[in-house]
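Working notes, beginning with the structure itself.
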Amino acid sequence: AQSVAQPEDQVNVAEGNPLTVKCTYSVSGNPYLFWYVQYPNRGLQFLLKYITGDNLVKGSYGFEAEFNKSQTSFHLKKPSALVSDSALYFCAVRDLGDMRFGAGTRLTVKP
Amino acid sequence: NAGVTQTPKFRVLKTGQSMTLLCAQDMNHEYMYWYRQDPGMGLRLIHYSVGEGTTAKGEVPDGYNVSRLKKQNFLLGLESATPSQTSVYFCASTITQSRVPGTDTQYFGPGTRLTVL
């Protein structure tokens, strides 16, 4: 069965520093991987996805993610964090079945 | 475009009561989904629909029913609510145009916060 794990409940970074939100996956076939962001009292918004091709995927708001097949990871990154990036981030995976979401990582960027 | 809308935004029920949550999308999307979001558990799929008149079970379907009588609407029903159904419910939709099935971006509604006492 497909699944994703987000090993950190909370990530704290200072504004201007690089950020990483971790995600590992488990699938039986080819992985289709997604990152979504949720701001307070809002629905999820799509950031980026990996289907095939380049391992480095660029998405919205300056975010990018690196697909690493050998480590079964799809970590979300941004070179310079903004206070406005503070939100709940979800990794998700799909192969042949439904989309499965991770438990979420709360990112806090402090001024 | 309004995108994906959900009504109501908030609701409090007593155990045993019933209610229907409405999801509407104006993007002509084929696929629609109902998820529930619980702390520490991410989103879990309740039911989904791949087109008008069709529905299918997701990961956690028990206690819920759905209907897709019109392409733009997807209804989620609770026949006899229990406290375990206290959650935030999200609707989502996708258009199926990717060459690789199941890889289309999901568009989410703002959510319905349901409390069952």
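Read-outs: derived from the displayed coordinates by stated rules, not from any lab. Everything numeric in this text was worked out from a predicted model, so none of it was measured. A quick note on method: Cβ atoms are made from the backbone with ideal geometry, for glycine too, and the neighbour counts reach across all protein chains shown.
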**Prompt:** Taking the Cα centre of each part, how many Å lie between the stretch A:66-80 and the stretch B:1-16?
**Reply:** 35 Å
**Principal axis dimensions, the protein assembly as shown - Cα atoms, whole angstrom, descending** = 49, 40, 35
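Averaging over every viewing direction, what projected area does the convex hull of the Cα atoms of the stretch B:1-94 cover, in nm²?
Mean shadow area of the hull around the Cα atoms is 5.8 nm².
Distance check, please: which entries in A:Lys49/B:Lys71; A:Lys69/B:Lys9; B:Lys14/B:Lys70; A:Lys22/B:Lys14; B:Lys9/B:Lys57 exceed 32 angstrom between their Cα atoms?
Distance filter (> 32 Å) returns A:Lys69/B:Lys9; A:Lys22/B:Lys14.
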**Asked** How high is the FRET efficiency between A:Asn41 and A:Lys69 when r is their beta carbon distance and R₀ equals 30 Å, given to the nearest 0.05?
**Response** 0.25
**Message:** For Cα pairs less than 8 Å apart in space and 6+ apart in sequence, what is the mean separation divided by the residue count of the stretch B:1-104, i.e. the relative contact order in percent?
**Reply:** 32 percent
**Request:** Report the relative contact order of the stretch A:17-111, percent, no decimals, based on alpha-carbon pairs under 8 angstrom and at least 6 residues apart.
**Result:** 33 percent
